[in-house]
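Notes follow once the structure below has been shown.
The values are calculated or read from the model by the stated rules, or taken from the named source; none is laboratory data. As the structure is a prediction and not an experimental result, all values here were calculated from the model. Cβ atoms come from the backbone with ideal geometry, glycine included; neighbour counts cover every protein chain shown. Quick note on the areas: whole protein, heavy atoms, side chains included, nothing else; ligands and nucleic acids left out. Shrake-Rupley method; radii C 1.70, N 1.55, O 1.52, S 1.80 Å.
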Amino acid sequence: MMEKTIFVTFLFIVTLIFFRIYSIQFSSSVNGCLPFSVSIINKLVKEPRREQLFSYLSHSAEPYFANGVNFHKLAAAIEGDVVDITKDRVIVTNPDSDYKKVYDIESLPMLNYAQIDIETFARTLLVPPGKIFALGTLQGSFDSRFWGLVDVKYIQGVGYGIF
């Protein structure tokens, strides 16, 4: 009986420690923005690397989403990166390196939904300090292309897609 009590106590402590560091998040989006619906977020790491999943609280997605809604997207571009946005592609480059990543993502359905014209949408921007360009990789993603850059102060952690 003593061994069972020790084991249960140990398991309880491990579980408490795990959930103080990590959270398990489920995508609530019907269409989805990323190719998985469950992710584990490390709440201790608040600085995503380029192309890393991160979780943040929305702050400028109105009128589509209220402030404070939890999103998880890819950090497609970080400080110093250049982002070229067109209706069917996002190209991220870094002028200080040979980094280049092309995301083929059709934006037309979301442009129509949000009633945004392509001339306003298509643009090139430089990611300033303290900001992240958040991107979903699936067609139905609403992300930094539509509502702008994410301020790092709203980042909840970085993570990994599970399934």
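Lys-Lys pairs in the chain that are eight or more residues apart or on separate chains and whose Cα atoms lie under 22 Å of each other come to 16.
Using the empirical formula 2.2 N^0.38 Å as the baseline, the Cα radius of gyration of segment 86-138 reaches a ratio of 1.25. Computed from backbone phi, the HN-Hα couplings of segment 144-151 come to 4, 4, 9, 10, x, 6, 9, 6 Hz, rounded to whole numbers (Karplus: 6.51 cos²θ - 1.76 cosθ + 1.60, θ = phi - 60°; Gly and Pro given as x).
Dipole orientation for the chain: of the candidates S55, L11, V102, L11 has the Cα lying most toward the positive pole (charges on Cβ; Lys, Arg +1; Asp, Glu -1). When only the Cβ of Lys, Arg, Asp and Glu is charged (+1, +1, -1, -1), the dipole of segment 17-163 relative to its Cα centre reaches about 500 debye. Using only the C-alpha atoms, the convex hull of the chain corresponds to 130 Å³ per residue.
The sum of -39500 (n - 2.57) across all DSSP H runs of n ≥ 4, divided by the residue count of the chain, sets its helix-only mean residue ellipticity at 222 nm to -6000 deg cm²/dmol.
Ligands, DNA and RNA left out, the 1.4 Å accessible surface of the chain is 60% carbon and sulfur atoms.
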